[in-house]
Amino acid sequence: DGNDGPWSTFTVQIGTPPQSVRLLISTASAQTWAVAAEGCGSGDPTNCVQSRGGRYDYNASSSWVPNLASASNQIYFLTLESNLGYDGKGRYGFDDITLGFQGEGGASLKNQTVAGIATKQYYMGLFGLAPRPTNFSSDGAAIPSFMENLRSQGEIPSVSWGYTAGNQYRLNQVLGSLTLGGYDASRFIQNDFSVPFAPDADKDLTVQIDSISTDKEVSLLSSPIMTFLDSTVPYIYLPTSACTLFENAFGLVWNDTAQLYLVNATQHSLLQAQNPNVTFTIGNNYTSSKVNITLPYAAFDLTASYPLVNDTSRYFPLRRANDSTQYTLGRTFFQEAYVIADFERKNFSVSQCKWVQAPQNIVAILPPADSVLGPTSQHKSLSKGGIAGIAVGVALIALAAVLLWFVWWKPRQRKR
């Protein structure tokens, strides 16, 4: 899905009766957004509703409650990515949300924050992973996020998560992977790279890019920069100097009308034949550990469509940042990177995705000892000793039950 993709989306059901919509993952947002009925009008293509992931009609939901915290019309500004030039408004309220398709038995919560959006700045709806509460007025109570409510109701062991966006060019298409309250250990190459959250709660997933280079040892970054990991947007925002180096290395030409690096058929064929790899070396201000995340040219070979361009066109998802506050590694980066955010311990990790077909290996991220949810031994799977201890405990309980049945219950039944 998407007009800047294609991307893996995730289906949720909103309202009563449930309305299924497909949403992109936002590692920066704490809210759920879905395209409202106003999002597709008479001037839009006939496939507008389908291309935007389906439509959420709050008027058709009996469980919809408008948010009147500070305005009688329920309309609030969408401030997400405002530093990148995104803007728009959403109709906010509260409604029931269920994860997954109908009949799958996904986690379901009532009275959750939902925004119906019409603006095409955000073409698809979003499912936010940040566990931050939302304040709709200066004197109003903070409203917990969907992730916070999932944890408080015991649906997940923690508000942590593991995510990779998937891609369309490996293993005959790889779907995105999202694990709430843990991660899928089968999807990435293990390493010891870990970074503490940044002091800014809105940009907690901040890393240092030490270098960017091609497999021909061409440097694409003149000096290290601090950048924000954010799957909300598809682009990679870098300093103008770095964009110039990309232009020289790959023959990119900026299209001022579309505000994109459009790639014509000739340039695409040339880049396909060269098949360059681009390696991002991610560092850590606190330790000497580093991790390399390598993206093939196919990761940058994306398609733009309406309303970004009039006719479908290939583009290279690089954008010039006006200043350091805009440096961002967007969804393009998440095609080859698996990110685990451990909110209980306030750190996160970045790993190269593993490209072998393997069964899921879901590992829970349990809360630390000082958490209200109880102790844990870090976010790792149980050791063999721990598993054996649980097995012995279950065996003793079973043995006690058998003895109780023979010694007490069976004689009572015989006597009766």
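The values are calculated or read from the model by the stated rules, or taken from the named source; none is laboratory data. Please read these numbers as outputs of a predicted model, since none were measured by experiment. Virtual Cβ from ideal backbone geometry, glycine too; neighbours counted across all protein chains shown. Only protein heavy atoms, including side chains, enter the accessible area calculation; ligands, DNA and RNA are left aside. Shrake-Rupley method; radii C 1.70, N 1.55, O 1.52, S 1.80 Å.
Name the residues in region 228-255 that are in a loop (DSSP other than H, G, I, E, B), more than 30 Å from residue 197 (Cα to Cα) and not aromatic (Phe, Trp, Tyr), would you? Give the steps one after another, and end with the answer.
Pass one, region 228-255, residues in a loop (DSSP other than H, G, I, E, B): 230-235, 239, 251-254.
Still in the running and more than 30 Å from residue 197 (Cα to Cα): 251-254.
251, 252, 253, listed by residue number.
Answer yes or no: is there a residue in region 54-64 that is crowded, with 20+ Cβ neighbours inside 10 Å, assigned to a strand (DSSP E or B) and not basic (Lys, Arg).
Within region 54-64, one or more residues are crowded, with 20+ Cβ neighbours inside 10 Å, assigned to a strand (DSSP E or B) and not basic (Lys, Arg).
Does at least one position in region 291-303 carry a residue that is under 21 Å from residue 7 (Cβ atoms), in a loop (DSSP other than H, G, I, E, B) and at pLDDT 95 or above?
From region 291-303, those under 21 Å from residue 7 (Cβ atoms) are 293-303; that's our starting set.
The next check asks that each one be in a loop (DSSP other than H, G, I, E, B); those that pass are 301.
Subsequent filtering for residues that are at pLDDT 95 or above retains 301.
Yes, because at least one residue in region 291-303 is under 21 Å from residue 7 (Cβ atoms), in a loop (DSSP other than H, G, I, E, B) and at pLDDT 95 or above.
Take the residues in region 199-215 that are closer than 26 Å to residue 10 by Cβ and surrounded by 13 or more Cβ atoms within 10 Å (Cβ to Cβ); name whichever of them is farthest from the chain's Cα centre (by Cα). Lay out the reasoning, then the answer.
Step one: filter region 199-215 for residues closer than 26 Å to residue 10 by Cβ, giving 201-207.
Add one more test, that the residue is surrounded by 13 or more Cβ atoms within 10 Å (Cβ to Cβ), and what stays is 202-207.
Details: 202: 15, 203: 14, 204: 14, 205: 12, 206: 15, 207: 17 Å.
Here the residue is 207.
Could you tell me whether residue 258 is over 21 Å from the mean Cα position of the chain (by Cα), touching a residue at least 40 places away in the same chain (Cβ under 8 Å) and not in a strand (DSSP E or B)?
Numbers: over 21 Å from the mean Cα position of the chain (by Cα): yes; touching a residue at least 40 places away in the same chain (Cβ under 8 Å): yes; not in a strand (DSSP E or B): yes.
Yes: the conditions hold for residue 258.
Identify all residues within region 206-224 that are free of Cβ contacts under 8 Å to residues at least 12 places away in the same chain and under 10 Å from residue 280 (Cα atoms); write none if there are none.
So the first thing to find is which residues in region 206-224 are free of Cβ contacts under 8 Å to residues at least 12 places away in the same chain, and the list is 217, 223.
If the condition is that a residue be free of Cβ contacts under 8 Å to residues at least 12 places away in the same chain and under 10 Å from residue 280 (Cα atoms), then no residue fits.
Does residue 35 satisfy the condition of being in contact with a Lys or Arg (Cβ under 6 Å, 6 or more places away or on another chain), assigned to a strand (DSSP E or B) and surrounded by 21 or more Cβ atoms within 10 Å (Cβ to Cβ)?
Values: in contact with a Lys or Arg (Cβ under 6 Å, 6 or more places away or on another chain): yes; assigned to a strand (DSSP E or B): yes; surrounded by 21 or more Cβ atoms within 10 Å (Cβ to Cβ): yes.
Taking the combined requirement at face value, the residue satisfies it.
Which condition breaks for residue 248 when tested against (1) surrounded by fewer than 16 Cβ atoms within 10 Å (Cβ to Cβ); (2) touching a strand residue (DSSP E or B) at 6+ places or on another chain (Cβ under 9 Å); (3) among the polar types (S, T, N, Q)?
(2)
Among the residues in region 69-76, are any open to solvent by 20 Å² or more (accessible area, probe 1.4 Å), hydroxyl-bearing (Ser, Thr, Tyr) and without any contact (Cβ under 8 Å) to a residue 12 or more places away in the chain? So that I can check it myself, show each step before the final result.
Within region 69-76, the subset open to solvent by 20 Å² or more (accessible area, probe 1.4 Å) is 69-76.
So of that shortlist, the ones also hydroxyl-bearing (Ser, Thr, Tyr) come out as 70, 72, 76.
Within this subset, residues satisfying the condition of being without any contact (Cβ under 8 Å) to a residue 12 or more places away in the chain are 72.
Within region 69-76, one or more residues are open to solvent by 20 Å² or more (accessible area, probe 1.4 Å), hydroxyl-bearing (Ser, Thr, Tyr) and without any contact (Cβ under 8 Å) to a residue 12 or more places away in the chain.
So, in region 185-201, how many residues would count as being in contact with a Leu (Cβ under 9 Å, 6 or more places away or on another chain) and either outside the structural domain of residue 329 (by the TED database) or in contact (Cβ under 8 Å) with a residue 60 or more places away in the chain (or both)?
2
Name the residues in region 335-358 that are out of contact with any strand residue (DSSP E or B) (no Cβ under 6 Å at 6 or more places or on another chain) and either without any contact (Cβ under 8 Å) to a residue 40 or more places away in the chain or open to solvent by less than 10 Å² (accessible area, probe 1.4 Å) (or both), would you?
342, 345, 356
Looking only at strands (runs of 3 or more DSSP E) that fall completely inside region 143-184, which ones have 1 or more residues that are open to solvent by 10 Å² or more (accessible area, probe 1.4 Å), in contact with a Gly (Cβ under 8 Å, 6 or more places away or on another chain) and closer than 11 Å to residue 129 by Cα? Outline the logic, then answer.
Numbers: elements: 161-164, 177-180, 182-184.
Ranges flagged: 177-180.
If the requirement is being open to solvent by 10 Å² or more (accessible area, probe 1.4 Å) and of a type in the set (A, V, I, L, M), which of these qualifies: 195, 218? Break it down into steps so the answer makes sense when it comes.
Values: 195 fails: open to solvent by 10 Å² or more (accessible area, probe 1.4 Å).
None of the others qualify; the one that does is 218.
Please work out which one of (1) open to solvent by 10 Å² or more (accessible area, probe 1.4 Å); (2) at pLDDT 95 or above; (3) farther than 30 Å from residue 322 by Cβ is the condition residue 118 fails and give its number.
(3)
Return the only residue of 166, 181 being over 30 Å from residue 272 (Cβ atoms) and touching a residue at least 40 places away in the same chain (Cβ under 8 Å). Let's see the steps before the verdict.
On the way: 166 fails: over 30 Å from residue 272 (Cβ atoms).
Residue meeting the stated conditions: 181.
Every residue in region 265-278 that is in contact (Cβ under 8 Å) with a residue 24 or more places away in the chain, open to solvent by 40 Å² or more (accessible area, probe 1.4 Å) and not in a helix (DSSP H, G or I), please.
277
Counting just the residues of region 1-32 that are small (Gly, Ala, Ser) and part of a strand (DSSP E or B), which one comes out farthest from residue 301 (Cα to Cα)?
Here is the first cut: in region 1-32, the residues small (Gly, Ala, Ser) are 2, 5, 8, 15, 20, 26, 28-30.
Then keep just the ones that are part of a strand (DSSP E or B); that gives 20, 26.
Working: 20: 29, 26: 21 Å.
Here the answer is 20.
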